[in-house]
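**Q** Starting off with a structure, shown below.
The values are calculated or read from the model by the stated rules, or taken from the named source; none is laboratory data. Computed from a prediction, not measured in an experiment: that's the story for all the values here. All Cβ positions, even for glycine, are placed from backbone atoms using ideal geometry, and neighbour counts span all protein chains on display.
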Number of protein chains: 2
Amino acid sequence: MVAGPLPAPSGPGKDRLRLWIRLLRASRTIEAELRERLRQEFSTTLPRFDVMAALYRAPEGMLMSDLSRFLLVSNGNVTGIIDRLVSEGLVMRARRNGDRRTSVVRLTEEGSKTFSVIAAAHEKWVGELLGNVSEDEARRLTGMLTSFRSNWEGRE
Amino acid sequence: MVAGPLPAPSGPGKDRLRLWIRLLRASRTIEAELRERLRQEFSTTLPRFDVMAALYRAPEGMLMSDLSRFLLVSNGNVTGIIDRLVSEGLVMRARRNGDRRTSVVRLTEEGSKTFSVIAAAHEKWVGELLGNVSEDEARRLTGMLTSFRSNWEGRE
DNA sequence: TCTTGAAACTTCAAGCTTGAATTAATCAGC
DNA sequence: GCTGATTAATTCAAGCTTGAAGTTTCAAGA
């Protein structure tokens, strides 16, 4: 899937395949760099960061299933990540509405404080990593990605 | 990292962050769909497919370290995937040049046959999934992704 | 009420992934 | 030839990820 150089594919329909390969390579490269920096600078991981980012925007908390849907990962996956964040004191589970099946998850005060520091660094890094995309180009690319993605939203 | 809807970020430098988020969501969504189909239709996985794709283009074989570099994954990771592909009879290890540290990996005949079938389906799927990107738009997007990626190639 | 079905989570096995440590082989300089 | 550094690959522990199976709870109809 991350295929690349050697014999450049050609023929009908190859342009979309090539686009997909580029897209995947780009995101994997950036992802690897961000993961590495999160580890080095903050001793944390990308999945933990993702979860905290989602929770940071939802001060009232989120359900496990909301997190799962939002982050595009499986239900069981979220359980494990939250477990670890809880044991680090960054996240708390509460059981407060009528429905006893659900547990509302939110950042602790410490989690919120910690996240805002990491998020600032993260944003700076992304700015650097995408440094040679102009702001204008970034907006155009974003638009294109949105349009083709919408075809798929919510289908898998 | 896969953050999205809620309070749209704004301010200086946010355009690149938004681009990154879109990029990541797009590739995760497509990746999930392809993974699911590979599993359903061919009982295989994305990493196995990636490795086979790389080997398919290199009939003379590749070193483990070449695979690792090419696929952007760690060395130890490749070992495990190759182990499984070997046990499935799709890949073989050979030790043939002067350097006894290296082992050359290549597809078996069965592996090659199997891969070409899967690859055809894969290409069709990608065509569908990116269906509402015109071929022309695909080329433009590819160009943009290439230019901003080149900044990072080989740096992490 | 009871019971059937759906929903929210958790648990689990298998596989993927990383980074670090280890082993084995080669190479460079003496 | 030795020695020390480098390179190729494997092994390992820890964590991420999935899909499936299981548990508990809720909802709605007989």
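**Q** Need the failing condition index for residue A:62 against (1) farther than 23 Å from residue B:46 by Cα; (2) modelled with pLDDT under 95, just the number.
**A** Unmet for residue A:62, out of (1) farther than 23 Å from residue B:46 by Cα; (2) modelled with pLDDT under 95: (2).
**Q** Any residue that is acidic (Asp, Glu) and modelled with pLDDT under 95 - is there at least one of those in segment B:93-111? Break it down stepwise before answering.
**A** First, the residues of segment B:93-111 that are acidic (Asp, Glu): B:99, B:109-110.
When the remaining residues are screened for being modelled with pLDDT under 95, the result is B:99.
The answer is yes, given that some residue of segment B:93-111 is acidic (Asp, Glu) and modelled with pLDDT under 95.
**Q** Additional query: May I ask you to list the residues in segment A:19-49 that are more than 10 Å from DNA strand C (Cβ to nearest atom) and small (Gly, Ala, Ser)?
**A** Across segment A:19-49, the qualifying residues are A:26, A:27, A:43.
**Q** With respect to residue A:29, is the statement that it is among the β-branched types (Val, Ile, Thr), in a helix (DSSP H, G or I) and surrounded by fewer than 17 Cβ atoms within 10 Å (Cβ to Cβ) true? Steps first, answer last, please.
**A** Values: among the β-branched types (Val, Ile, Thr): yes; in a helix (DSSP H, G or I): yes; surrounded by fewer than 17 Cβ atoms within 10 Å (Cβ to Cβ): no.
Taking the combined requirement at face value, the residue does not satisfy it.
**Q** Do you know which residues across segment B:61-118 are within 11 Å of DNA strand D (Cβ to nearest atom), within 20 Å of the chain's Cα centre (by Cα) and of a type in the set (Gly, Ala, Ser)?
**A** If the condition is that a residue be within 11 Å of DNA strand D (Cβ to nearest atom), within 20 Å of the chain's Cα centre (by Cα) and of a type in the set (Gly, Ala, Ser), then B:61, B:65, B:68, B:74, B:76, B:80 are the ones that fit.
**Q** Please pick out the residue among A:143, A:131 that is under 28 Å from residue B:137 (Cβ atoms) and outside any helix (DSSP H, G or I).
**A** Criteria check complete, one pass: A:131.
**Q** List pairs: first in segment B:35-55 and closer than 21 Å to residue A:25 by Cβ, second near DNA strand C (Cβ under 10 Å from one of its atoms) and among the hydroxyl-bearing types (Ser, Thr, Tyr), Cβ under 8 Å, 6+ apart or cross-chain?
**A** Between residues of segment B:35-55 that are closer than 21 Å to residue A:25 by Cβ and residues that are near DNA strand C (Cβ under 10 Å from one of its atoms) and among the hydroxyl-bearing types (Ser, Thr, Tyr), the close pairs are B:35/B:45; B:38/B:44; B:38/B:45.
**Q** Evaluate segment A:48-62: report whether one residue or more is part of a helix (DSSP H, G or I), within 14 Å of chain B (Cβ to nearest Cβ), out of contact with any helix residue (DSSP H, G or I) (no Cβ under 7 Å at 6 or more places or on another chain) and surrounded by fewer than 17 Cβ atoms within 10 Å (Cβ to Cβ).
**A** No, that holds for no residue.
**Q** Tally time: how many residues in segment B:58-75 are more than 15 Å from residue B:103 (Cβ to Cβ) and either touching a Pro at 6+ places or on another chain (Cβ under 6 Å) or not basic (Lys, Arg) (or both)?
**A** 6
**Q** Quick check on my filter: what residues within segment B:88-116 are more than 19 Å from residue B:43 (Cα to Cα) and polar (S, T, N, Q)?
**A** B:97, B:102, B:103 - these are the residues of segment B:88-116 that are more than 19 Å from residue B:43 (Cα to Cα) and polar (S, T, N, Q).
**Q** Restricting to segment A:78-116, name every residue that is in a helix (DSSP H, G or I) and either in contact (Cβ under 8 Å) with a residue 24 or more places away in the chain or in contact with a Pro (Cβ under 8 Å, 6 or more places away or on another chain) (or both). Give the steps one after another, and end with the answer.
**A** Taking segment A:78-116 and keeping what is in a helix (DSSP H, G or I), we get A:78-87, A:109-116.
A:78, A:81, A:82, A:84, A:85, A:111, A:112, A:114, A:115, A:116 - these are the residues of segment A:78-116 that are in a helix (DSSP H, G or I) and either in contact (Cβ under 8 Å) with a residue 24 or more places away in the chain or in contact with a Pro (Cβ under 8 Å, 6 or more places away or on another chain) (or both).
**Q** Right, next: With respect to the numbered conditions (1) in contact with a strand residue (DSSP E or B) (Cβ under 7 Å, 6 or more places away or on another chain); (2) among the hydroxyl-bearing types (Ser, Thr, Tyr); (3) more than 13 Å from DNA strand C (Cβ to nearest atom), which one is the sole condition not fulfilled by residue A:102?
**A** With (1) in contact with a strand residue (DSSP E or B) (Cβ under 7 Å, 6 or more places away or on another chain); (2) among the hydroxyl-bearing types (Ser, Thr, Tyr); (3) more than 13 Å from DNA strand C (Cβ to nearest atom) applied to residue A:102, the lone miss is (3).
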